[in-house]
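As structure tokens, the structure follows; a few thoughts come after it.
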Amino acid sequence: MLRVLRLLFACVIISSVALAQPVQSPSEFLGYHLGEQFTPHHRIVAYFNYVAQTVKNVKLQQYGTTNEGRPLLAMFIASPENIGRLEEIRTNNLRLAGLDKTGTPTTNVPVIVWLSYNVHGNEPSSSEAAMQTLYDLVNPANAKTKVWLKNTVVVIDPCLNPDGRERYVNFYNSTKGAIPDADPSSREHIEPWPGGRANHYYFDLNRDWVWQTQKETQARVALFNQWLPQIHVDFHEQGYNSPYYFAPAAEPFHRDITPWQREFQTIIGKNNAKYFDQNGWLYFTRQEFDLLYPSYGDTYPIYNGSIGMTYEQGGIDAGLAIVTRLGDTLSLAQRIAHHYSNSLSTIETASAYAQKAVEEFKKYFDNSRANPPGEYKTYIIKNDNPDKINALAKLLDRNGIQYGFGLKSSAVGYNYFTEKSESFTINTEDMVVNAYQPKSVLLNVLFEPKTFVADSNTYDITAWALPYAYGLNAYGVRESLKPVTPALLQTIKPASPTSAYAYVSAWRSVEDAKFLSALLKEKIRVRYTETPFEVNGKKFAAGSLIITRAGNDRADFNSLVPRIATELGRELTPLQSGFVDKGADFGSDNIKYIHPPKIMLVSGDGTSSEAVGQIWNFFEQELHYPVSLINYVDMGRIKLNSFDIAIFPDGKYDDFPSDKLQNWVRDGGKLIALENAVTQLADKKVFDIKKKEGKDTTKNVVNNTSYENRDNEAIKSNVSGAIYKITLDNTHPLGFGMPKYYYALKQSDDVYELLSGTDNWNVGTIKTNNYVAGFVGQKSKDKIKNGLLIGTQKAGRGSVIYMVDDPLFRNFWEGGKLLFSNAVFIAQ
């Protein structure tokens, strides 16, 4: 009988275990212990799918895909009671923020904690930690996490940058031996170009949160704004010799960051420190990683009401193991353990302060709507360029910032372009952005003319005001003015097929460059006018595109051109004659043919991968025009004369092919040099470009700087992404479609001597008082004046275009896109 009872008890135990279906740990599922090898992205996805199919208190959402087709995932974990009411919790959270007005919000709800891992592909330990964190949250035997989940919803994004991660993991796995080599000089610790940090187009996704130029960011931020968590952590790695960093952050803090956002960072940091102290792990806080630039994974959530934080584990280039400067061996397993510890510590602290966190979240948005920060309570953006207004509206929409149109009035406000307070008229087509709205903090951060920088030793650019970035004149008004309508009704009359002699289209924005690209891809011959002309009382500016039936002898000409124009929202003017009332007739030599260029973009070792990526992305994703990426090391073997244009982006080029480039340009090639590539041309004395050198005040000077002030002395020669207003010759083809000025984002103090000679043109110049916004050290400020920033030089039958500063910076600097398009298609 006893034997039967024992057998029955054993059967009951086996049956209970089977019914419980305990979830496997990552190590059990993967077949190896975390830290023994890097987990491929598809296996991370498989584990998250496995947990979603096995556990009831989770919900897995695929919110997008990468450029290379990999899935982007977010796992929601909550208590059994809350998992079924996620939509109710989400909607209530938006009600707390004032973004959903369908009901009355309550603060008696779970706090939302969002954990984002592996935004930089070659910082891979955090995706491993994400799996272990998920396991602890769903493990039925973990009593602590069960308690936390009673008042906490956790969102885990295991890998924000799958393409970059796979690039790094594939590199490492293909170079490591049977046993990891911990010697830092071994090849497994030295990534080849472009490295795994960035996404497919070599964009740093941790600089793209607000600009959303990349499809991964667009999908992620759209989901983020549907939830607006109270707490967000962005997990990173830094150089492997550094100990762990976690909040509180370093100065400068943007002045709109609230006392609670500062305080709760410290509370979380102290809890993190408690576990690090117990384990004897080194860490630091309040150094290096500041909270200013709005497009980070910590600042963007902060400016949207969250407690945003960055966690940085030492480990870039560390592989599975590496010997540090101190002689210690840092393993992947250790790196995972540190991120895992802080993941759970953050959730624990959030749970302990859940009610307070939710109440402060509501208070943040209540204050945003009732008492918006900043000097100006309304921003008026003049609609001088409808395409740019539409581009700005698209950015505001993606960030949930409300705006409208339809107001006709007069006002007094700060003119961004003159930097003075002036009276002005508001027209019905002007954009009106009222600050009394839920996203008023983010609005102020993006529109304030000059960002206050408490500590100039900052981590990124210090100026980004949207009117300057988009080249749109705007006014900051102290009074509250409200728009009449939420959207501007812009009706572009569809171009009707007609038997036209020619069609004329404006050239005023990058949208016109997209139209040109589409025409060229269809093998439509296009011309442009070098001088203004007038027909039937309608004026056409220099740069206007002319599509004549002459040279386009095809049956579908009068249907194809209007169709492409309609698809791209371009207004066409059909003309029945090439005889104009004023200006040059269409057969004049003032009407130039646009040869469809075959373009080479220099890439690979020697170039900046981010600089290459933004140009590559611009051609493929915006212009939709083909470009060939050629590795710099292959320059010696390729036939340059098979290309019309060679673009040299920012970089440090060894063995610059001076003679070969000179001969190619003289034979009719066009060389576009950007940023440090211009310096290389000047240093090699290729062509006639010469850098202006400031006085060397350091030679034979005794160093009287105290050691503690060494950083402050160094930043006197620093340019932290500052805005300068330069004078632009818009009668030159390089300036067609633009006003007589251009707002450049400078990241160096490089300025060049003015070009001489009748065939050389100083298109963009800087004078003495052109500084607008952003931090510039005094030594650099003394250098940035009276010189050339944009120019063209004729050489034989070809030309060189110099662009000292990046016109496509992170692809959000909208004002520079037409300038770059001119360099490619228009300027000879």
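The values are calculated or read from the model by the stated rules, or taken from the named source; none is laboratory data. Being a predicted model, the structure only gives us computed values, none of them experimental. Note that each Cβ is placed from the backbone with ideal geometry, even for glycine, and that neighbours are counted across all protein chains shown. To get the accessible areas, we keep the full protein, side chains included, count just its heavy atoms, and leave off ligands, DNA and RNA. Shrake-Rupley method; radii C 1.70, N 1.55, O 1.52, S 1.80 Å.
So here's what we get for this one:
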quantity	calculated
Mean Cα-pair separation over length for the stretch 23-126, i.e. relative contact order, pairs under 8 Å, 6 or more apart, %	14
Calculated SAXS-style log₁₀ I(q)/I(0) at q = 0.04 Å⁻¹ - the chain, Debye, Cα scatterers	-0.20
Distance between modelled label sites at Tyr436 and Tyr501, nm, 7 Å Cα→Cβ extension	5.7
Net charge over other residues, Cβ less than 12 angstrom from the Cβ of Glu263 (K, R count +1; D, E count -1)	+2
Value of relative contact order over the chain, rounded to a whole percent, pairs C-alpha under 8 Å and six or more apart	10
Arg797-Glu36 FRET efficiency (beta carbon distance; Förster radius 45 Å; 0.05 resolution)	0.15
Efficiency of FRET from Cβ geometry, Arg398 and Leu754, R₀ 51 Å, rounded to 0.05	0.80
Long-range amide H partners of Tyr741 with built H, under 5 Å	Leu728
Listed residues Trp664, Trp193 arranged by accessible area, highest first, probe 1.4 Å	Trp193, Trp664
Rounded to the nearest 10 Å², the accessible area of Ser345 at probe 1.4 Å	0
The chain - share of DSSP beta bridges that are antiparallel (%, nearest 5)	65
Cα centroid of the stretch 765-820 to Cα centroid of the stretch 253-330, whole Å	35
Heavy-atom SASA rank of Ser480, Ser756 (probe 1.4 Å, accessible area, largest first)	Ser756, Ser480
Helical mean residue ellipticity (222 nm; -39500 (n - 2.57) per DSSP H run of 4+; nearest 500) of the chain	-9000 deg cm²/dmol
Calculated FRET value between Leu223 and Asn49, using beta carbons and R₀ = 25 Å, to 0.05	0.90
Computed label-point distance, nm, for sites Arg85 and Ser423 using a 7 Å Cα→Cβ extension	5.8
Residue-level accessible surface for Ser423, protein heavy atoms, 1.4 Å, Å²	100
Relative packing of peptides 409-420, 243-254, 152-163 - highest average C-beta neighbours within 10 Å first	152-163, 243-254, 409-420
Extension gain (nm, one decimal) between Lys716 and Asn142, 0.36 nm per residue minus Cα-Cα	201.3 nm
Estimated distance in nm for a label pair at Thr106 and Asp634, the labels positioned 7 Å out from Cα along Cα-to-Cβ	6.3
Extension gain (nm, one decimal) between Ala333 and Lys363, 0.36 nm per residue minus Cα-Cα	6.7 nm
Solvent exposure of the chain as accessible area per residue, Å², 1.4 Å probe	41
Potential lengthening between Lys523 and Gln287 on full extension [0.36 nm per residue; Cα-Cα distance subtracted]	79.3 nm
Whichever lysines have a C-alpha closer than 16 Å to that of Lys215, once near sequence neighbours (fewer than 8 apart) are set aside	Lys394
For the stretch 210-230 and the stretch 581-627, distance of Cα centres in Å	31
